[in-house]
Amino acid sequence: VRGGSGGEQVHFYCYIDRSVFPPPTCNHGERYDKCWNAIRRDETYKVSSFTALVFWGVRGLVMSDKAITVRTRKFLTNRLLQRKQMVVDILHPGRANVSRQELREKIANMYKIDDVNRIMVFGFKTAFGGGKTTGFSLIYDSVDAAKKFDAKYRLVRFGLAEKKDTARKQRKERKNRAKKVRGKKKWAGGK
């Protein structure tokens, strides 16, 4: 939304449930729904108040409870890593995005998984303009397999592992000590 105080041009694009929020009248005597139709044709209108277009925080109310559709493709069973892997397409019109936890629960329902900790989701990119997001999902055969094979940062992200916090200076000193030795001593941190 762009605009300011009275008499400036304001461009706005939002979805409003007109049964809940009837359109008020704008300053040139027409109802805003006629303005909405014109704005869909990329025309602009002068309005007296910028706040009238925000609709008292309606955008947050309308967008939060929209349904989402989850589809999977390129499904593959990877027996070596004890998991199933797939590309996940999420359709979420009218919503900014979908949380990872909500997505894991949806996938668990789709594939009848009893524990959401077996499901890892990552790499999501939202299409330009919103409404569609694509990412990747892994379903491990067990939580132990997930802990054994999945990336450490994802285990930390989903609460299956603790992040090891060492000081930056200690990491650098260990790296520089290891540079001076070869073989087994290198992996022991140069000791």
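The values are calculated or read from the model by the stated rules, or taken from the named source; none is laboratory data. Because the structure is a prediction, the values reported are computed rather than measured. Don't worry about glycine lacking a Cβ; one is built from the backbone with ideal geometry, like all the others, and counts go over all protein chains shown.
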I need a count of the residues in segment 114-148 that are under 16 Å from Thr72 (Cβ atoms) and either touching a residue at least 40 places away in the same chain (Cβ under 8 Å) or outside the structural domain of Met86 (by TED's automatic domain parsing) (or both).
9
If we keep only residues of segment 149-175 that are touching a residue at least 12 places away in the same chain (Cβ under 8 Å) and farther than 13 Å from Ile119 by Cα, then the residue farthest from the chain's Cα centre (by Cα) is Arg174
Identify, from the list Asn97, Asn109, Asn78, the residue that is out of contact with any Gly (no Cβ under 7 Å at 6 or more places or on another chain), under 27 Å from Lys66 (Cβ atoms) and free of Cβ contacts under 8 Å to residues at least 12 places away in the same chain.
Asn109
